[in-house]
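Asker: Just passing along the structure, written as structure tokens.
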Amino acid sequence: PADLSPFHWRSVSFDIYTGRGWQRSPEREADIDAGQPIPPSDETPAGAIIHVNQTVNWLYDHRATRYTLGRPLLFSHDVVAMWRGTADLVGVRGRNNAPRRYAAETTLIAATADGLRATRPQDAPPEIRARYTQLPRDLPARVHQLAHTIADPQPTAYDQARAIEAFLRQYPYSLDLSPPPADVDIVDYFLFDLQTGFCDYYASAMVVMARAVGLPARLGVGFLQRPTNSAGEQIIRQIDAHSWACLLYTSRCV
């Protein structure tokens, strides 16, 4: 069986970094009936496609957001698919009194380092590059400078991303933090002043620094995977909530 441990339970993605946090741009919505396929994206994947069948059962609340491992293909109930542009799937929510328990079929890309090194940001669609390299005009110059210092010596976009990731891993992890000052750029504050943080800080810094050197990226949110029990089930709790950086080597997060 395929190793699914690197993948997360994804809900939606954010594309607009404001300097104070993240927002979602206006989205196109489409009703998808139970069992009907969600239109596929048109990317050429940088790796093998893994098909996954999953059943999700919400125990303690009744949210409409649909969480899946990978890009959903179809659901066992009526949903609304949310899109940016023509093929950029943002997320899915249930409709018509969406059930607590649902089944979904999804795909994952088992990308390899060699496959990713062979991709180039300029090969992504122009609208993807424009949307996912957006940065605020007032992003501090030292964020740009740091990103280029780390990334520019690397030979490929993939190696640039890995170099930024390795740099950020030097910062210690902590949940015991006060809210940032109201008048600071969050990523600048994390990189140069706070220098410790949790997933939101690391993911935001990774996306912003990738964008600063021309790598399309966005912020994904959802839950971490947990080890399965003897019945093959994962128990996911609110403490497993997570955000992460998605580098878009084609038009899909990898």
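Asker: Residues in segment 205-220 that are small (Gly, Ala, Ser), part of a helix (DSSP H, G or I) and open to solvent by 10 Å² or more (accessible area, probe 1.4 Å): how many?
Answerer: First pass over segment 205-220, keeping only residues small (Gly, Ala, Ser): 205, 210, 212, 214, 217, 220.
From what's left, part of a helix (DSSP H, G or I): 205, 210, 212.
With open to solvent by 10 Å² or more (accessible area, probe 1.4 Å) added as a condition, the list becomes 212.
Result for segment 205-220: 1.
Asker: Quick one: is residue 223 modelled with pLDDT of 95 or more, under 18 Å from residue 10 (Cβ atoms) and either crowded, with 16+ Cβ neighbours inside 10 Å or touching a Ser or Thr at 6+ places or on another chain (Cβ under 7 Å) (or both)?
Answerer: On the way: modelled with pLDDT of 95 or more: yes; under 18 Å from residue 10 (Cβ atoms): yes; either crowded, with 16+ Cβ neighbours inside 10 Å or touching a Ser or Thr at 6+ places or on another chain (Cβ under 7 Å) (or both): yes.
When the stated conditions are applied, residue 223 passes them.
Asker: Of the residues that make up segment 40-48, is at least one open to solvent by 20 Å² or more (accessible area, probe 1.4 Å), assigned to a strand (DSSP E or B) and either touching a Pro at 6+ places or on another chain (Cβ under 7 Å) or charged (D, E, K, R) (or both)?
Answerer: The answer is no, given that none of the residues of segment 40-48 is open to solvent by 20 Å² or more (accessible area, probe 1.4 Å), assigned to a strand (DSSP E or B) and either touching a Pro at 6+ places or on another chain (Cβ under 7 Å) or charged (D, E, K, R) (or both).
Asker: Could you list, in sequence order, the residues of segment 89-137 that are within 30 Å of residue 63 (Cα to Cα) and β-branched (Val, Ile, Thr)? So that I can check it myself, show each step before the final result.
Answerer: Of the residues in segment 89-137, the ones within 30 Å of residue 63 (Cα to Cα) are 89-110, 128, 131-132.
Once the filter is applied, which keeps residues that are within 30 Å of residue 63 (Cα to Cα) and β-branched (Val, Ile, Thr), segment 89-137 yields 90, 92, 106, 107, 109, 128.
Asker: Further, regarding this structure: I'm told residue 97 meets every condition in (1) polar (S, T, N, Q); (2) open to solvent by less than 20 Å² (accessible area, probe 1.4 Å); (3) at positive phi except one. Can you identify the failing condition by its number?
Answerer: (2)
Yes or no, residue by residue, for (1) within 20 Å of the chain's Cα centre (by Cα); (2) open to solvent by less than 40 Å² (accessible area, probe 1.4 Å):
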position: 101; (1), (2): no, no
position: 108; (1), (2): yes, yes
position: 116; (1), (2): yes, yes
position: 126; (1), (2): yes, no
position: 136; (1), (2): yes, yes
position: 142; (1), (2): no, no
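Asker: Same structure again: Can you confirm whether segment 51-73 contains a residue that is more than 30 Å from residue 185 (Cβ to Cβ), part of a strand (DSSP E or B) and in contact (Cβ under 8 Å) with a residue 60 or more places away in the chain?
Answerer: yes
Asker: Follow-up. With the requirement that a residue be under 17 Å from residue 205 (Cβ atoms) and aliphatic (A, V, I, L, M), what does segment 135-157 give you?
Answerer: Passing the criteria: 135, 139, 141, 143, 146, 147, 150, 151.
Asker: Restricted to segment 157-187, and to residues that are of a type in the set (A, V, I, L, M) and either assigned to a helix (DSSP H, G or I) or under 18 Å from the mean Cα position of the chain (by Cα) (or both), which residue is surrounded by the most Cβ atoms within 10 Å (Cβ to Cβ)?
Answerer: Taking segment 157-187 as the starting set, the residues that turn out to be of a type in the set (A, V, I, L, M) are 157, 161, 163-164, 166, 168, 175, 177, 182, 184, 186-187.
Keeping just the survivors that are either assigned to a helix (DSSP H, G or I) or under 18 Å from the mean Cα position of the chain (by Cα) (or both) gives 157, 161, 163-164, 166, 168, 186-187.
Numbers: 157: 23, 161: 23, 163: 19, 164: 27, 166: 10, 168: 19, 186: 22, 187: 24.
By that ranking, first place goes to 164.
The values are calculated or read from the model by the stated rules, or taken from the named source; none is laboratory data. Predicted model, so just to flag it, every value in this text is computed and none were measured. Please note: Cβ atoms are built from the backbone with ideal geometry, for glycine as well, and neighbour counts cover all protein chains shown. With ligands, DNA and RNA removed, areas are computed over all heavy atoms of the protein, side chains included. Shrake-Rupley method; radii C 1.70, N 1.55, O 1.52, S 1.80 Å.
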